[in-house]
Amino acid sequence: MLNISQDIKKLNDSDIADNLLHYEYNVKHLLSLIKSNVDKEEAQYLSSYRSFEGEVYENFLYEKLVKYAEKNDDIVKFVLKGFHQNKVKSNPNTLSISEKQQIVYRTKSREISEFDAMFITKDNELYFVEMTLVKNVLKLRKRLRKKKALLEIIFPNYEIKALIILNNGATGTKQFPSYCKVWFTNEFSSTKVLEYILNPHKKKLTPKLKSNSSKMIEAHTLKLHPFRYYNTMSWITKMLRAHKKHVLDLGFLMNPKIQRYHDLYNKLYIGYMNIDEAKKILELEGEYKEDQRVVVALEKKHTDEIVLTYYIQLTRKKLYLYSFNDEGKQVKEKKDPYGITVTEVFHINKMMDNSYELNEINVKFIKKLLSNIVRDA
């Protein structure tokens, strides 16, 4: 049984030596604030410190999970990261270790998901672990679906579950899906680690303590089902528009297998509008070229509602998202130039020929189809 140990619950650090102090922490900004004598109650200090404390909490719990896995007979494999594993270059289309020493799955150019920890049980369950000090877990719940979908696709022979580790006082935990196991620890403090970072010469560190258990494995040794992110995305786009009579193949969209992909991608691209047709639906500011495409996508919200969203890509890295909030008001958002969506839209735009063009009537019909899905649910 995967019950929390008293050691983890009470945050006992007696069995991990100085391992917590051997990690590298992103504290450049925090140290500059401390050096500038910024008030500790200032918003910028609190934000920077909380980010650092979250890093320490994750590393502490990872160290404790290594110990937990060694002793727990239900756990048969535990994925190493950080200084516990050999430095392996982050490989595309597989689980590997990133430059930041985290467990990741990535395409050739972008990380798709990152995992705080991962292990496999004797019952053929693969657990991914999420650890956070955040008290409101709404955003965490949204991330879970994407990570579970990815793991179900690349590890179809395992039952995918999640272990969530939180501080006492976290809210919204009753809303976690049934595949989640939730642990609560006592309140955490990173004071000792910050004190060491500020005065590293004050303490001589003991050597790194590593496990020699046969359960410990490298991420890249896990055999997974082949998955090509962009190829699959392109195939879904083609199939969604392949129906002989209808502009959108709703039966294909709602197939459980495709909905799993929808959980992973979050949005599925279905075509494009020319700028004049798009202006009938969107309030577009600024001048756009006559040949500017507006890419149309089906976005899956955390409530499972599927809505239409629109993307305008002006340059390789400059992408705008147009959507509508719950009140029906249009929202314009500039996307991260280094995010996965920028690459997705660029890729899908190249593959769409004139047969993927949509007009205002098509879009209104698709909206009606989607609203019927909500009513029938």
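The values are calculated or read from the model by the stated rules, or taken from the named source; none is laboratory data. As the structure is a prediction and not an experimental result, all values here were calculated from the model. Because the Cβ atoms are built from the backbone with ideal geometry, glycine has one as well, and the counts that use them run over all protein chains shown. When the accessible area is computed, the model is the full protein with side chains, heavy atoms only, and any ligands, DNA or RNA have been set aside. Shrake-Rupley method; radii C 1.70, N 1.55, O 1.52, S 1.80 Å.
List the number of the failed condition for residue 213; all other conditions in (1) in contact with a helix residue (DSSP H, G or I) (Cβ under 7 Å, 6 or more places away or on another chain); (2) outside the structural domain of residue 167 (by the TED database) hold.
Condition (2) is where residue 213 drops out.
Quick check on this structure: which one of 267, 300, 317, 329 is over 25 Å from residue 109 (Cα atoms) and either touching a strand residue (DSSP E or B) at 6+ places or on another chain (Cβ under 8 Å) or basic (Lys, Arg) (or both)?
Working: 267 fails: over 25 Å from residue 109 (Cα atoms); 300 fails: over 25 Å from residue 109 (Cα atoms); 317 fails: over 25 Å from residue 109 (Cα atoms).
Result of the check over 267, 300, 317, 329: 329.
Could you tell me whether the range 24-32 includes any residue that is out of contact with any strand residue (DSSP E or B) (no Cβ under 7 Å at 6 or more places or on another chain) and open to solvent by less than 30 Å² (accessible area, probe 1.4 Å)? First the steps, then the outcome.
Taking the range 24-32 as the starting set, the residues that turn out to be out of contact with any strand residue (DSSP E or B) (no Cβ under 7 Å at 6 or more places or on another chain) are 24-32.
Remaining after also requiring open to solvent by less than 30 Å² (accessible area, probe 1.4 Å): 27, 30.
Yes, because at least one residue in the range 24-32 is out of contact with any strand residue (DSSP E or B) (no Cβ under 7 Å at 6 or more places or on another chain) and open to solvent by less than 30 Å² (accessible area, probe 1.4 Å).
Please find, within the range 148-189, the residue that is nearest to residue 112 (Cα to Cα) out of those that are surrounded by 13 or more Cβ atoms within 10 Å (Cβ to Cβ) and of a type in the set (D, E, K, R).
Applying the filter and picking the extreme gives 148.
Look through 204, 244, 210 and report the one residue that is among the charged types (D, E, K, R), surrounded by fewer than 15 Cβ atoms within 10 Å (Cβ to Cβ) and touching a residue at least 12 places away in the same chain (Cβ under 8 Å).
Numbers: 204 fails: touching a residue at least 12 places away in the same chain (Cβ under 8 Å); 244 fails: touching a residue at least 12 places away in the same chain (Cβ under 8 Å).
Testing whether each residue is among the charged types (D, E, K, R), surrounded by fewer than 15 Cβ atoms within 10 Å (Cβ to Cβ) and touching a residue at least 12 places away in the same chain (Cβ under 8 Å) leaves just 210.
If you go through the range 12-65 one residue at a time, how many are of a type in the set (Val, Ile, Thr) and in a loop (DSSP other than H, G, I, E, B)? Before the answer, list the steps.
Pass one, the range 12-65, residues of a type in the set (Val, Ile, Thr): 16, 27, 34, 38, 56.
Now drop any that are not in a loop (DSSP other than H, G, I, E, B), which leaves 16, 27, 38.
Result for the range 12-65: 3.
Going through the range 219-240 one residue at a time, which ones are touching a residue at least 12 places away in the same chain (Cβ under 8 Å) and assigned to a loop (DSSP other than H, G, I, E, B)?
222, 224, 225, 226, 227, 228
What tally of residues in the range 342-351 results from selecting those that are over 10 Å from residue 295 (Cα atoms) and touching a residue at least 60 places away in the same chain (Cβ under 8 Å)?
Residues flagged as over 10 Å from residue 295 (Cα atoms) and touching a residue at least 60 places away in the same chain (Cβ under 8 Å) within the range 342-351 amount to 4.
Say whether the condition of being without any contact (Cβ under 8 Å) to a residue 40 or more places away in the chain and surrounded by 15 or more Cβ atoms within 10 Å (Cβ to Cβ) is met by at least one residue in the range 69-78.
As a first pass, look at the range 69-78 and keep what is without any contact (Cβ under 8 Å) to a residue 40 or more places away in the chain: 71.
Adding the requirement that they be surrounded by 15 or more Cβ atoms within 10 Å (Cβ to Cβ) leaves none.
For the range 69-78, residues without any contact (Cβ under 8 Å) to a residue 40 or more places away in the chain and surrounded by 15 or more Cβ atoms within 10 Å (Cβ to Cβ): absent.
Report, by residue number, each residue of the range 79-119 that is more than 20 Å from the chain's Cα centre (by Cα) and open to solvent by less than 40 Å² (accessible area, probe 1.4 Å). Don't jump to the end; show me each part of the working.
Kept after step one, since they are more than 20 Å from the chain's Cα centre (by Cα), are these residues of the range 79-119: 83-89.
Result: 83, 84, 85.
Starting from the range 256-271, keep only residues that are open to solvent by 10 Å² or more (accessible area, probe 1.4 Å), then list their pairs with residues that are of a type in the set (Lys, Arg) and not in a strand (DSSP E or B) whose Cβ atoms are within a distance under 6 Å, requiring at least 6 positions of separation or different chains.
So the pair list comes out as 263/145.
Yes/no per residue for (1) in contact with a helix residue (DSSP H, G or I) (Cβ under 9 Å, 6 or more places away or on another chain); (2) over 26 Å from residue 73 (Cβ atoms); (3) part of a loop (DSSP other than H, G, I, E, B); (4) among the aromatic types (Phe, Trp, Tyr):
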site	(1), (2), (3), (4)
128	yes, no, no, yes
151	no, no, no, no
163	yes, no, no, no
166	yes, no, no, no
174	no, yes, no, no
178	no, no, yes, no
194	yes, yes, no, no
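When the range 33-54 is examined, which residues are found to be open to solvent by 30 Å² or more (accessible area, probe 1.4 Å) and not charged (D, E, K, R)?
34, 36, 37, 38, 43, 44, 46, 47, 49, 51
Which pairs turn up if I take residues in the range 160-172 that are more than 13 Å from residue 132 (Cβ to Cβ) and look for partners that are at pLDDT 90 or above and among the small types (Gly, Ala, Ser) with beta carbon separation below 9 Å, at least 6 apart in sequence or on another chain?
160/149
Could you list all residues from the range 102-142 that are modelled with pLDDT under 95 and small (Gly, Ala, Ser)?
Within the range 102-142, 109, 113 meet the criteria.
Determine whether the range 338-351 contains at least one residue that is assigned by the TED database to the domain that holds residue 236, at pLDDT below 95 and either surrounded by fewer than 16 Cβ atoms within 10 Å (Cβ to Cβ) or among the small types (Gly, Ala, Ser) (or both).
yes
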